[in-house]
């Protein structure tokens with residue numbers, strides 16, 4: 001598509017999957033940058049979402065589809081397709097999109113299968129299309145500041161990283177006990193779905209090649225035998241422990257809703273998930289009555305881990321440890337980096353980075369003073385969209401986007417290796433061998 005000489009060209013976008021990411025987050029970028037993005041086609045299995053976003057985004061009736069498959073059967077309708085469908089659909093939707101000539105913004109994970117990750121990387125290269133994976137943390141002011149400190153050599157040689165993914169009890173209960181990602185047989189293992197972000201960041205910060213992974217963890221608490229005496233199948237039934245259970249769905253959703261302003265309710269992503277991005281008290285109450293979101297946290301069909309610790313060994317002997325835990329109050333990532341000339345601690349909840357050189361004074365960096373956008377994922381959602389769409393707009397596809405698929409496959413391999421190791425009681429998994437084996441035709 002050629003730029004119109006009389007008016008600024010905007011990148012045309014199709015969105016497949018209109019849930020919390022595709023609908024609530026990525027489509028909203030059009031409101032921020034109407035000069036850069038125009039949504040011209042949408043698809044979702046839920047008719048209500050297609051109607052809502054078709055109306056809000058001004059999408060023609062003939063370009064509103066009831067599935068990603070239906071959209072992708074048509075000849076190419078846009079420059080870019082955003083694929084924000086379910087984990088196990090990403091690969092086939094992305095391959096179909098490449099065949100039609102789309103550039104792709106692909107929600108993570110690329111696929112729950114290592115061989116499909118490698119195949120998609122190769123297919124993108126062959127098609128000469130940009131495929132950006134939504135590793136949004138690379139785009140945040142928080143992690144880019146840490147990256148700059150390391151690149152400037154202010155810690156000397158980095159010898160170790162400790163990163164903790166504090167999922168938070170409420171986020172874990174919502175997404176990984178009751179929500180879409182509760183069962184790895186239907187979606188992805190926890191270490192891939194949630195922590196491919198973390199492996200991506202660790203590898204990006206170090207700029208070193210990981211060689212082996214070992215991991216241990218499991219699902220130990222959120223199981224039926226730990227259900228409190230007096231609890232019921234659903235939280236809105238006559239549960240005798242609802243007043244003191246931190247995972248009670250009525251308190252999670254209804255009580256929290258009542259305490260918020262209307263603006264807070266509309267912007268709360270959890271409420272939007274429950275109510276198809278149109279939250280109301282009655283719609284939430286109905287969801288708790290009829291859907292998995294109203295079930296007792298100890299009586300769901302969840303099987304993903306609630307805690308896991310992984311160690312990654314890099315080529316020069318540098319070690320990285322990643323702890324993922326459900327058992328925290330705040331949802332945040334905490335990073336500690338150990339260098340030969342100093343150490344760094346950072347917390348993306350407070351947005352504070354503390355640099356402690358072995359010679360000289362400590363330095364406290366307040367990231368909130370470095371950016372005016374700390375919206376979704378610390379501003380990473382918007383910066384990802386802007387960088388990717390700007391590359392498409394410029395037409396120079398030889399340039400790589402910061403989270404291109406060629407940069408993302410190894411972080412996925414680290415997650416696959418961690419899960420294999422966990423299932424083998426902590427056995428060390430060779431990463432190069434794994435990628436070589438899954439990459440064989």
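The values are calculated or read from the model by the stated rules, or taken from the named source; none is laboratory data. What you see is a predicted model; the values in this text were computed from it and never measured. Positions of Cβ are backbone-derived with ideal geometry, glycine not excepted, and every protein chain shown enters the neighbour counts.
Quick look at the values:
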{"item": "Members of the stretch 159-173 that are in a helix (DSSP H, G or I) and either surrounded by fewer than 23 Cβ atoms within 10 Å (Cβ to Cβ) or out of contact with any helix residue (DSSP H, G or I) (no Cβ under 8 Å at 6 or more places or on another chain) (or both)", "result": "169, 170, 171, 172"}
{"item": "Residue count, the stretch 242-257 (criterion: touching a residue at least 60 places away in the same chain (Cβ under 8 Å), surrounded by 14 or more Cβ atoms within 10 Å (Cβ to Cβ) and not in a helix (DSSP H, G or I))", "result": "1"}
{"item": "Qualifying positions in the stretch 388-420 - within 18 Å of residue 22 (Cβ to Cβ) and out of contact with any helix residue (DSSP H, G or I) (no Cβ under 6 Å at 6 or more places or on another chain)", "result": "388, 389, 392"}
{"item": "Residue 180, sole failed condition from (1) modelled with pLDDT of 95 or more; (2) under 18 Å from the mean Cα position of the chain (by Cα); (3) over 18 Å from residue 411 (Cβ atoms)", "result": "(1)"}
{"item": "Members of the stretch 124-140 that are surrounded by fewer than 20 Cβ atoms within 10 Å (Cβ to Cβ) and outside any loop (DSSP other than H, G, I, E, B)", "result": "125, 126, 127"}
{"item": "Pick from the stretch 224-241, criterion in contact (Cβ under 8 Å) with a residue 24 or more places away in the chain and assigned to a loop (DSSP other than H, G, I, E, B), ranking: nearest to residue 286 (Cα to Cα)", "result": "236"}
{"item": "Selected residue (criterion: surrounded by the most Cβ atoms within 10 Å (Cβ to Cβ)) from residues of the stretch 206-215 that are touching a strand residue (DSSP E or B) at 6+ places or on another chain (Cβ under 7 Å) and under 21 Å from residue 145 (Cα atoms)", "result": "206"}
{"item": "Residue satisfying condition, being under 20 Å from the mean Cα position of the chain (by Cα) and surrounded by fewer than 19 Cβ atoms within 10 Å (Cβ to Cβ), within set 403, 375", "result": "375"}
{"item": "Of the criteria (1) surrounded by 14 or more Cβ atoms within 10 Å (Cβ to Cβ); (2) at positive phi, which one residue 311 fails", "result": "(2)"}
{"item": "Filtered residue count, the stretch 414-433, keeping only those that are surrounded by 24 or more Cβ atoms within 10 Å (Cβ to Cβ) and either modelled with pLDDT under 95 or under 18 Å from residue 121 (Cβ atoms) (or both)", "result": "4"}
{"item": "Out of 179, 218, sole residue that is assigned by TED's automatic domain parsing to the domain that holds residue 409, touching a residue at least 60 places away in the same chain (Cβ under 8 Å) and loosely packed, with under 14 Cβ neighbours inside 10 Å", "result": "218"}
{"item": "One residue from 374, 389, 384 being at negative phi and modelled with pLDDT under 90", "result": "374"}
{"item": "Boolean, residue 426 is on the phi > 0 side of the Ramachandran plot and either assigned to a helix (DSSP H, G or I) or in contact (Cβ under 8 Å) with a residue 60 or more places away in the chain (or both)", "result": "yes"}
{"item": "Test: residue in the stretch 342-352 that is over 30 Å from residue 25 (Cβ atoms) and either assigned by TED's automatic domain parsing to the domain that holds residue 421 or crowded, with 17+ Cβ neighbours inside 10 Å (or both)", "result": "yes"}
{"item": "Residue satisfying all of: in the stretch 269-284; surrounded by 17 or more Cβ atoms within 10 Å (Cβ to Cβ) and free of Cβ contacts under 8 Å to residues at least 60 places away in the same chain; farthest from the chain's Cα centre (by Cα) among these", "result": "284"}
